[in-house]
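Everything on this sheet refers to the single structure shown next.
The values are calculated or read from the model by the stated rules, or taken from the named source; none is laboratory data. Computed from a prediction, not measured in an experiment: that's the story for all the values here. Here Cβ is always computed from backbone atoms with ideal geometry, including for glycine, and neighbour counts include all displayed protein chains.
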Amino acid sequence: MKRTVLPRRFVPVAASALAVAAAFLVPQAVPTTAPAGDAKAQAAEAAGKHRDDYVIVGHRGASGYRPEHTLASYELAARMGADYIEPDLVTTKDRVLVARHEPEIGGTTDVAAHPEFAARKKTKQLDGVAVTGWFAEDFTLAELRTLRAKERIPAVRQHNTVFDGHYKVPTLQEVIDLSRKLSRELDRPIGIYPETKHPTYFQQQGLALEPELVRTLNRNGLNRSDAKVFVQSFEVANLKALRKQLRVPLVQLTGSSGAPYDFVVAGDPRTYADIVSATGLREVATYAKGLGPSKDQVIPLDATGKLGQPTALVGNAHRAGLVVHPYTFRVENNFLPAEFDSSTVAADSGNLFGEIAAYRKAGIDGLFTDNTDIAVAEEKEAR
């Protein structure tokens, strides 16, 4: 199987969450006595040999340490060693792509505290489900700029709430600009791995995401087969359409239940389970280069909540010529298989090293993680 070749990752010696966080809070003096070449050599030595075909994606940035989809979160992930940073894309009323987990922004911004936007609260059908809140597409970019991001899951990540109110909602262009700035500073390419969120939902409102995504990649010289870019989607039709316009690799996302919403709308009875079958994966390979499955599609949990036996998914995907990047690896007990829990407290940190090792043994080609520092450390330890 031909795999995507990635440049070596240089990991700072002090790449722990605490050390990197401190770098954002305290101005750092830059030594002037050591030659730049020596500094690069020391960083390379600290990183050691890197498996160039193994991909670590900063899921919504370093969302285990900062509110997700903020420039601070993306920057922290890159400094921790991520190969790619992942912006989920939605659109504003004036057709600017911005990074938010969902079209509904009440859970990730302080919009509810803005009385001037109280009348914007409404209920919409989002992929067939009634959702009440405030929606990105009802705001211009200028209006979104008056909001500030907040932690999406404060009950689990209370420590992230200290950063509530400090970061703006970034545009895709700002994420690209940041990736370029950090690529220069860190002397290694930081890729982007954007997801088109709810494509059918936005298309139904006359606000399709894909044209602006293609324009943005073209404008930035990133619509190339060798650009460090993946584009992903939980739907199928928009990936097939993008294949005709983009030269970057596409990734089909799948869930452990349900079906792509474009299939539902079209009356197609196939589900995500059909997509990850051996036959389905061969079809995916006709328009995509990778698969982004829910991690329990790779190794399901047993009745006790522990990891069971790996499925045939990774082997079948590799035989079809697809790389496999499952999601999402998080350190909190709330998200870990039972054998890796450290306590009965959901917010406590468990053994993410152990979970990642189990999935690497199953043959994955990379992963999405909220805790890039741990994924990088596990990779180094496994060599």
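Below are the figures for this structure:
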{"quantity": "Restricting the range 169-211 to residues that are among the acidic types (Asp, Glu) and in contact (Cβ under 8 Å) with a residue 40 or more places away in the chain, the residue that is nearest to Phe135 (Cα to Cα)", "calculated": "Glu195"}
{"quantity": "One residue from Gly363, Gly292 being in contact with a His (Cβ under 8 Å, 6 or more places away or on another chain) and surrounded by 23 or more Cβ atoms within 10 Å (Cβ to Cβ)", "calculated": "Gly292"}
{"quantity": "Residue match in the range 304-319 (condition: under 25 Å from Glu75 (Cα atoms) and within 21 Å of the chain's Cα centre (by Cα))", "calculated": "no"}
{"quantity": "Any pair with Cβ under 6 angstrom, 6 or more apart, that starts in the range 343-367 at a residue that is free of Cβ contacts under 8 Å to residues at least 24 places away in the same chain and more than 11 Å from Ile299 (Cα to Cα) and ends at one that is surrounded by 16 or more Cβ atoms within 10 Å (Cβ to Cβ) and acidic (Asp, Glu)", "calculated": "Gly350/Asp341"}
{"quantity": "Among the candidates Val175, Val162, residue that is buried (at least 21 other Cβ atoms within 10 Å of the Cβ), out of contact with any Leu (no Cβ under 7 Å at 6 or more places or on another chain), of a type in the set (A, V, I, L, M, F, W, C) and part of a helix (DSSP H, G or I)", "calculated": "Val175"}
{"quantity": "Filter result (of a type in the set (A, V, I, L, M, F, W, C) and either touching a Leu at 6+ places or on another chain (Cβ under 8 Å) or in contact (Cβ under 8 Å) with a residue 60 or more places away in the chain (or both)) within the range 105-138", "calculated": "Ile105, Val111, Leu126, Ala136"}
{"quantity": "Wholly within the range 250-334, helices (runs of 4 or more DSSP H) carrying at least 1 residues that are of a type in the set (Lys, Arg), in contact with a Pro (Cβ under 8 Å, 6 or more places away or on another chain) and touching a residue at least 40 places away in the same chain (Cβ under 8 Å)", "calculated": "295-298"}
{"quantity": "Subset of the range 85-103 [of a type outside the set (S, T, N, Q) and in a strand (DSSP E or B)]", "calculated": "Ile85, Glu86, Asp88, Leu89, Val90, Leu97, Val98, Ala99"}
{"quantity": "All positions within the range 199-214 that are out of contact with any helix residue (DSSP H, G or I) (no Cβ under 9 Å at 6 or more places or on another chain) and not in a helix (DSSP H, G or I)", "calculated": "Gly206"}
{"quantity": "Tally, over the range 58-72, of residues that are touching a Lys or Arg at 6+ places or on another chain (Cβ under 7 Å) and either among the β-branched types (Val, Ile, Thr) or without any contact (Cβ under 8 Å) to a residue 60 or more places away in the chain (or both)", "calculated": "0"}
{"quantity": "Residue match in the range 215-232 (condition: outside any loop (DSSP other than H, G, I, E, B) and closer than 20 Å to Ala266 by Cα)", "calculated": "no"}
{"quantity": "Matching residues in the range 256-279 - criterion: being buried (at least 19 other Cβ atoms within 10 Å of the Cβ) and not hydroxyl-bearing (Ser, Thr, Tyr)", "calculated": "Ala259, Pro260, Asp262, Phe263, Ile275, Val276"}
{"quantity": "Val96 being of a type in the set (A, V, I, L, M), modelled with pLDDT of 95 or more and in contact with a Ser or Thr (Cβ under 8 Å, 6 or more places away or on another chain)", "calculated": "yes"}
{"quantity": "Flag if Ala82 is in a helix (DSSP H, G or I) and either surrounded by fewer than 18 Cβ atoms within 10 Å (Cβ to Cβ) or not acidic (Asp, Glu) (or both)", "calculated": "no"}
{"quantity": "Matching residues, the range 278-311, being touching a helix residue (DSSP H, G or I) at 6+ places or on another chain (Cβ under 8 Å) and small (Gly, Ala, Ser)", "calculated": "Ala278, Gly280, Ala288, Gly305"}
{"quantity": "Meets criteria (part of a loop (DSSP other than H, G, I, E, B) and closer than 18 Å to Gly58 by Cα) for Glu151", "calculated": "yes"}
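Residue by residue, here is whether (1) of a type in the set (A, V, I, L, M, F, W, C); (2) surrounded by 13 or more Cβ atoms within 10 Å (Cβ to Cβ) holds:
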| position | (1), (2) |
| --- | --- |
| Val90 | yes, yes |
| Phe117 | yes, yes |
| Lys124 | no, yes |
| Asp127 | no, yes |
| Ala142 | yes, no |
